[in-house]
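**Q** Dropping the structure in here first, questions after.
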Ligand SMILES: Cc1cc2nc3c(=O)[nH]c(=O)nc-3n(C[C@H](O)[C@H](O)[C@H](O)COP(=O)(O)O)c2cc1C
């Protein structure tokens, strides 16, 4: 029974919609236990990470999916605080051989989202995780198309400032990533 834990930051809810789509994909694989952790301001105090429960949940997971909006071409500051707090786990290689994956949302069509995904993957590599990409071919460029932003390292989503809901194509891309992560975790566990 694979456990998939999704940890993400979202200020205004778009990245949260991507996280929920990843969770829907993971849950579609029979027997998968899926948990979502949204990083909130109370998790950080004086610039330091405070939420040991989230860390314990990640330590117990078979797969961790990391998600952040793209800010200034990289992680949001809140997410970076969380990533840096996991440095002690890195030191002991506590996440070695867990499945890892990532996603990001931004306003710009490019918006330098690839740099954010690269950062998430490098973090996964430093933890010696097994990184899972989207595994989805782009079906076109319009907002209803699967992987319309042609991203392979992780799921990308893009919405305009006045657009409350992410597009169906980006949602499908995130669902497919979640499903792939859960299937990989189940296979890896076997
Ligand atoms: C400080 C800041 C920096 C941002 N930098 C970028 C950027 O580099 N590229 C981009 O496309 N969008 C950028 N944006 C827009 C965010 O990516 C967008 O607001 C975010 O993805 C919305 O996600 P959320 O609803 O989950 O908070 C930035 C927004 C903020 C607040």
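Bear in mind that the values in this text are calculations on the coordinates, not laboratory data. Just so we're clear, the structure is a prediction, and the values are computed from it rather than from any experiment. Note that each Cβ is placed from the backbone with ideal geometry, even for glycine, and that neighbours are counted across all protein chains shown.
**Q** Most mobile of 161, 125, 146 per a Gaussian network model of the chain (Cα springs, under 10 Å)?
**A** Result for the chain, Cα springs under 10 Å: 161 fluctuates most.
**Q** At q = 0.16, 0.19, 0.22 Å⁻¹, what log₁₀ I(q)/I(0) does a Debye calculation on the Cα points of segment 100-170 give, no solvent, two decimals?
**A** -0.55, -0.73, -0.92
**Q** Treat the count of other C-beta atoms within 10 Å as a stand-in for reagent exposure and order 128, 10 from fewest to most. Numbers along the way, then the final one.
**A** Values: 128 14, 10 21.
Listing 128, 10 from fewest to most nearby Cβ atoms yields 128, 10.
**Q** Follow-up. Just 178, 13, 25 to compare: in a GNM of the chain, with alpha carbon springs under 10 Å, which one fluctuates most?
**A** 13
**Q** Next up: With the chain treated as a Gaussian network of Cα nodes joined by springs under 10 Å, which of 54, 64, 175 yields the largest mean-square fluctuation?
**A** With Cα springs under 10 Å in the chain, the top fluctuation among 54, 64, 175 is at 54.
**Q** So what's Rg/Rh here for segment 62-108, counting alpha carbon atoms and using the Kirkwood radius for Rh?
**A** Reported Rg/Rh (Cα atoms, Kirkwood Rh): 1.03.
**Q** Let me check the size of segment 136-190 from its C-alpha atoms; what are the radius of gyration and Dmax in Å?
**A** Cα radius of gyration and Dmax of segment 136-190 are 12.7, 45 Å respectively.
**Q** With a/c under 1.5 counting as rounded, go ahead and sort segment 121-162 into rounded, prolate or oblate using the C-alpha gyration tensor (a ≥ b ≥ c being the square roots of the eigenvalues; past the cut-off, prolate if a/b is larger than b/c, else oblate).
**A** Details: a/c = 4.83, a/b = 1.85, b/c = 2.61.
Oblate.
**Q** What's the exposure ranking of 183, 165, 42, going from fewest to most Cβ atoms within 10 Å? Let's see the in-between values first.
**A** Values: 183 19, 165 11, 42 8.
The order, fewest Cβ neighbours first, is 42, 165, 183.
**Q** Reported to two decimal places, what Rg/Rh ratio describes the chain when computed on Cα atoms with Rh from the Kirkwood expression? Walk me through the numbers before you get to the answer.
**A** Details: Rg = 15.2 Å, Rh = 16.2 Å.
Radius of gyration relative to Kirkwood radius: 0.94.
**Q** Something else: Please arrange 50, 113, 80 by how many other C-beta atoms lie within 10 Å of their C-beta, fewest to most. Mind dumping the intermediate values first?
**A** Details: 50 13, 113 26, 80 16.
By the 10 Å Cβ count, ascending: 50, 80, 113.
**Q** Using only the Cα atoms of segment 1-104, build the gyration tensor, take square roots of its eigenvalues as a ≥ b ≥ c, and label the shape rounded, prolate or oblate: rounded if a/c is under 1.5, else prolate if a/b is larger than b/c, else oblate. Numbers along the way, then the final one.
**A** On the way: a/c = 1.80, a/b = 1.17, b/c = 1.53.
The shape class here is oblate.
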